[in-house]
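One structure below.
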Amino acid sequence: KQWYQRRVAITAGDEHREPLEELLPVCKDVFQKWNLYINEEKTEFVHFYVAKKGETDSYGVQLLGNEPWRFCKSLGSLLCSTADIARRIALAQSAFKTYCKIWLRGTKIPLKRKLVVYEAQVLSVLLYNCSSWSAPQCVMEKLNTLHRKHLRHICNIRWPGVIKNKELYRRCDTIPITERVRKARWTLLGHILRMDDNCAPSLALRYAVDSSNSLRGRRGRPRTNLFSSIQADLKFLDLRLNSIDDLSNLKTVAYDRANWRNMFSYNIDFD
């Protein structure tokens, strides 16, 4: 038999931890039947909730927007998209500085070769698991700002030298990072639509579609989430995902992989 040691996070939306602790031995027994081993010392209990306005922790720090679950890591990404993007920006900036000698060598290294290194060593860090991001536009724009800053550095453009964004993207033969995130999210949606109806991602998508019409949301402005981001992507392409019928129609379209890829179009704004 082959055993695997896993770091498991048990999550729930209620406020009581006791039921989760009672669930851990059950999970351990079930996984052992599949020759999988759960390390109880590394197991995390994650409580998903949105803090009330004015709620503070034991140190007097405001909890709204800083709930502990936002900084829990799963498969290399933080559970909160905004926090994960901030972390990815820091990691990408560190990776960029690691190869600063390459960017500073001027004409000794062709621009095309520099961009290949940048794509492999920096953008791969920045865009890790980006298909699941669902952050506000002001947060997403930070990705474009960092990207253009790096491109200007690679092209050796410094003050007082200036270049328009459109010309910068054309010279580097690239597009804004936010469009690459939209493309990754579109690819992820296609994979989910082609999955079996009983798979967890398909069930989650069906529940999101069904609950958006039957359940009442929180008071106030609707928060940006992955489902609302997917709906915005579909609306840009004159498609809808507001009912189970819309979901069935999208599944039919997604089965044709080539057609699904060709349906996507970039919304590029170089202002």
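Tell me the helices (runs of 4 or more DSSP H) entirely within region 67-143 that contain at least 3 residues that are open to solvent by 20 Å² or more (accessible area, probe 1.4 Å) and more than 12 Å from I154 (Cβ to Cβ).
81-98
Of everything in region 191-214, what is open to solvent by 70 Å² or more (accessible area, probe 1.4 Å) and in contact (Cβ under 8 Å) with a residue 24 or more places away in the chain? Give them in sequence order.
Within region 191-214, R206, D210, N213 qualify.
Any residue in region 140-166 that is of a type in the set (S, T, N, Q) sitting within a Cβ distance under 7 Å of a residue that is part of a loop (DSSP other than H, G, I, E, B) and open to solvent by less than 60 Å² (accessible area, probe 1.4 Å)? List the pairs, counting only those 6 or more apart or interchain.
N144/P176
If I filter region 215-237 for residues that are under 25 Å from E119 (Cα atoms), among the aliphatic types (A, V, I, L, M) and surrounded by 14 or more Cβ atoms within 10 Å (Cβ to Cβ), do I get at least one hit?
Checking region 215-237: not a single residue is under 25 Å from E119 (Cα atoms), among the aliphatic types (A, V, I, L, M) and surrounded by 14 or more Cβ atoms within 10 Å (Cβ to Cβ).
How many of the residues in region 52-66 are exposed (fewer than 15 other Cβ atoms within 10 Å of the Cβ) and of a type in the set (A, V, I, L, M, F, W, C)?
Total satisfying the criteria: 2.
Condition (residue is within 21 Å of L91 (Cβ to Cβ), assigned to a helix (DSSP H, G or I) and of a type outside the set (D, E, K, R)) applied to region 158-175: is it met by at least one residue?
no
Within the set of pairs 6 or more residues apart or between chains, which connect a residue that is more than 17 Å from N213 (Cα to Cα) and without any contact (Cβ under 8 Å) to a residue 24 or more places away in the chain inside region 234-251 to a residue that is of a type in the set (K, R) and open to solvent by 30 Å² or more (accessible area, probe 1.4 Å) with Cβ atoms less than 9 Å apart?
L234/R240; N249/R240
Pairs please, first residue from region 67-82 and under 14 Å from C130 (Cβ atoms), second anywhere and among the small types (G, A, S), Cβ atoms under 6 Å, 6+ apart in sequence or on different chains.
As it stands, the answer is S81/S134; S81/A135; T82/A135, since those pairs meet every condition given.
Is at least one residue of region 203-213 outside any loop (DSSP other than H, G, I, E, B) and under 29 Å from S124 (Cα atoms)?
Checked against the condition, which is being outside any loop (DSSP other than H, G, I, E, B) and under 29 Å from S124 (Cα atoms), region 203-213 yields at least one hit.
Being over 21 Å from the mean Cα position of the chain (by Cα) and of a type in the set (V, I, T), is that true of even one residue in region 163-186?
Taking every residue of region 163-186 in turn, at least one turns out to be over 21 Å from the mean Cα position of the chain (by Cα) and of a type in the set (V, I, T).
The values are calculated or read from the model by the stated rules, or taken from the named source; none is laboratory data. Only a predicted model underlies this, so the values are computations on that prediction, with no experimental measurement involved. Glycine gets a Cβ as well: all are built from the backbone with ideal geometry, and neighbour counts include every protein chain shown. All accessible areas refer to the heavy atoms of the entire protein, side chains included, with ligands and DNA or RNA removed. Shrake-Rupley method; radii C 1.70, N 1.55, O 1.52, S 1.80 Å.
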